Amino acid sequence: MMINVGVVGASGYTGLELVKMLITHPNFHLKYLATTTGDTVIEALHPSLVDVITYPVEKASVESVVKSCELVFLALPHKASMGFAKDLIAQGVKVVDLSADYRLELETYEDIYCEHEDKENLDRAVYALIEYYREDLKKTTLSAGPGCYPTATLLGILPFAPYIEESSPLFVDAKSGLSGAGKKLSENTHFVTINENMFAYSPLRHRHGAEIAEKIEKLQGVKLNVNFVPHLIPVTRGELISVYATLKDDTINPIEILKKRYESDPFIRIRENPVDLKSVAGTHFCDIYADIKGNALFVNVAIDNLLRGASSQALVAGNLMCGLPEEAGIPTIAYMP
Ligand SMILES: NC(=O)c1ccc[n+]([C@@H]2O[C@H](COP(=O)([O-])OP(=O)(O)OC[C@H]3O[C@@H](n4cnc5c(N)ncnc54)[C@H](OP(=O)(O)O)[C@@H]3O)[C@@H](O)[C@H]2O)c1
């Protein structure tokens, strides 16, 4: 059985990752690619695909998606996504959105992004953090990809939420490669700014802090004092998260807690030592390590921001929404060395 799928936003970083995985996917047939302006071919947008595939890229239109696809990935900025998703859902196309548009409660979204233009579907969207929403994803027609930082942070911290002292500050010290910012150049992502350099940005104020806090409360029923500090580091891809929290007591065995929570999750690897970026770059794996000293908890997580933090997580959501095996077409071999 082959299912026709499309990618809107095919010229971007996450769009390219989707295209690369869809070319060899055993059950998805890549039927439609689009950008803002279209009128090109995919190998002109991404020269790494020359002599691999040739495929037309159209100007994005709801009618064309409806005509050619059963499911579509929206690899678009927030606000642009909800413009498309609303009409696509109404016309029976399954949507996997990678933007922030369907990730949050209405109040949180409007507080940190903008006015929401598709409130009806917002309530129906399933948050595509696979290990926590697998069964819901099998039943939905709209999934919302979590942010890259929230993906790594939540996978690491959720198993420990019941043991953490709620009143003490919990710090999420996050470091990301530059591809996390998308393809558009900015002062922060200029080579001269970031080369041999690193720095925090939006400390304690970044939008992903609110997403992390909202989902911990929703999934574990506790309101933790989340303080999120992202840093840019001079690498292309990969995200390393270090969480520092205070436990209610000093009796837990952190590795046992992680192993128990994720024993049936094939893409979570519990490590016996601190994690690193290169072991996950190019894969859907999320590597987690944790330790305690007295009542101080340290949780350490590594993911590839473009894959587990975006496109491969979106592909798993698409697999589940179409009744396919979770692992269909998912990359597992790291770029190491
Ligand atoms: N990068 C990451 O690590 C990461 C991780 C998790 C989630 N995300 C989210 O995933 C989404 C895509 O991120 P990205 O890093 O791939 O961004 P990107 O590299 O900037 O690419 C964005 C794409 O969206 C297209 N686009 C923008 N407005 C459009 C419109 N109105 N109609 C059609 N196409 C439009 C652009 O096409 P043109 O070339 O024609 O302008 C481009 O192909 C964002 O919402 C981002 O927050 C990214």
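Select from the range 10-55 the residues that are in a loop (DSSP other than H, G, I, E, B) and polar (S, T, N, Q) and write down the one among them that is surrounded by the most Cβ atoms within 10 Å (Cβ to Cβ).
Ser11
Filter the range 52-75 for residues that are within 15 Å of the ligand (Cβ to nearest atom), within 16 Å of His29 (Cβ to Cβ) and out of contact with any Phe, Trp or Tyr (no Cβ under 8 Å at 6 or more places or on another chain) and give the result.
Tyr55, Pro56, Phe73, listed by residue number.
Does Gly92 fit the bill of being within 11 Å of the ligand (Cβ to nearest atom), surrounded by fewer than 21 Cβ atoms within 10 Å (Cβ to Cβ) and more than 30 Å from Asn197 (Cα to Cα)?
It is false that Gly92 is within 11 Å of the ligand (Cβ to nearest atom), surrounded by fewer than 21 Cβ atoms within 10 Å (Cβ to Cβ) and more than 30 Å from Asn197 (Cα to Cα).
Table: residues versus (1) among the acidic types (Asp, Glu); (2) closer than 25 Å to Asp118 by Cβ.
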residue	(1), (2)
Gly6	no, yes
Met21	no, no
Asn27	no, no
His78	no, yes
Gly83	no, yes
Asp87	yes, yes
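What's the number of the only condition in (1) touching a residue at least 24 places away in the same chain (Cβ under 8 Å); (2) touching a helix residue (DSSP H, G or I) at 6+ places or on another chain (Cβ under 9 Å); (3) under 27 Å from Leu137 (Cβ atoms); (4) assigned by TED's automatic domain parsing to the domain that holds Phe171 that Val316 fails to meet?
Checking Val316 against (1) touching a residue at least 24 places away in the same chain (Cβ under 8 Å); (2) touching a helix residue (DSSP H, G or I) at 6+ places or on another chain (Cβ under 9 Å); (3) under 27 Å from Leu137 (Cβ atoms); (4) assigned by TED's automatic domain parsing to the domain that holds Phe171, the one that fails is (4).
If you go through the range 141-158 one residue at a time, how many are away from the ligand (no atom under 16 Å from the Cβ) and either crowded, with 20+ Cβ neighbours inside 10 Å or at pLDDT below 95 (or both)?
Within the range 141-158, residues that are away from the ligand (no atom under 16 Å from the Cβ) and either crowded, with 20+ Cβ neighbours inside 10 Å or at pLDDT below 95 (or both) number 2.
Identify, from the list Ala290, Ala281, Ala314, the residue that is small (Gly, Ala, Ser) and assigned to a strand (DSSP E or B).
The match here is Ala290.
Taking the stated definitions as given, is Gly83 small (Gly, Ala, Ser), free of Cβ contacts under 8 Å to residues at least 60 places away in the same chain and in a loop (DSSP other than H, G, I, E, B)? Outline the logic, then answer.
Numbers: small (Gly, Ala, Ser): yes; free of Cβ contacts under 8 Å to residues at least 60 places away in the same chain: yes; in a loop (DSSP other than H, G, I, E, B): no.
It is false that Gly83 is small (Gly, Ala, Ser), free of Cβ contacts under 8 Å to residues at least 60 places away in the same chain and in a loop (DSSP other than H, G, I, E, B).
Could you check how many residues of the range 284-300 are away from the ligand (no atom under 15 Å from the Cβ), in contact with a Phe, Trp or Tyr (Cβ under 9 Å, 6 or more places away or on another chain) and touching a residue at least 60 places away in the same chain (Cβ under 8 Å)?
5
So Glu120 clears everything in (1) more than 15 Å from the ligand (Cβ to nearest atom); (2) in a helix (DSSP H, G or I); (3) closer than 20 Å to Gly209 by Cα except one condition, right? Which one?
(3)
Of a type in the set (A, V, I, L, M), part of a loop (DSSP other than H, G, I, E, B) and under 23 Å from the mean Cα position of the chain (by Cα), is that true of Ala302?
Spelling it out, it is not the case that Ala302 is of a type in the set (A, V, I, L, M), part of a loop (DSSP other than H, G, I, E, B) and under 23 Å from the mean Cα position of the chain (by Cα).
What is the residue count in the range 163-199 for residues that are assigned to a strand (DSSP E or B) and charged (D, E, K, R)?
Here the count works out to 2.
Identify the residue in the range 280-310 that is small (Gly, Ala, Ser) and buried (at least 18 other Cβ atoms within 10 Å of the Cβ) and, among all such residues, is farthest from Ser179 (Cα to Cα). Before you say what the answer is, go through the steps one by one.
In the first step, residues of the range 280-310 are kept if they are small (Gly, Ala, Ser); the result is 281-282, 290, 294, 296, 302, 309-310.
Pick out the ones that are also buried (at least 18 other Cβ atoms within 10 Å of the Cβ) and you get 281-282, 290, 302, 309-310.
On the way: Ala281: 12, Gly282: 13, Ala290: 26, Ala302: 15, Gly309: 11, Ala310: 11 Å.
Only one residue fits best here, namely Ala290.
Of everything in the range 208-239, what is touching a helix residue (DSSP H, G or I) at 6+ places or on another chain (Cβ under 8 Å) and in a strand (DSSP E or B)? Give them in sequence order.
Val226, Asn227, Phe228, Pro230, Leu232, Glu239
Would you pick out the residues in the range 23-51 that are on the phi > 0 side of the Ramachandran plot and either within 16 Å of the ligand (Cβ to nearest atom) or touching a helix residue (DSSP H, G or I) at 6+ places or on another chain (Cβ under 6 Å) (or both)? Write out each step before concluding.
Taking the range 23-51 and keeping what is on the phi > 0 side of the Ramachandran plot, we get 38-39, 51.
Listed by number, the residues that qualify are Gly38, Asp39.
Might you check whether a residue that is surrounded by fewer than 21 Cβ atoms within 10 Å (Cβ to Cβ), touching a strand residue (DSSP E or B) at 6+ places or on another chain (Cβ under 8 Å) and more than 20 Å from Leu142 (Cα to Cα) occurs anywhere in the range 66-79?
no
Do we have any residue at all in the range 241-263 that's under 19 Å from the mean Cα position of the chain (by Cα), outside any strand (DSSP E or B) and surrounded by fewer than 18 Cβ atoms within 10 Å (Cβ to Cβ)?
No, the range 241-263 has no match at all.
The values are calculated or read from the model by the stated rules, or taken from the named source; none is laboratory data. In this text, all values refer to a predicted model and were calculated from it rather than measured experimentally. Glycine gets a Cβ as well: all are built from the backbone with ideal geometry, and neighbour counts include every protein chain shown.
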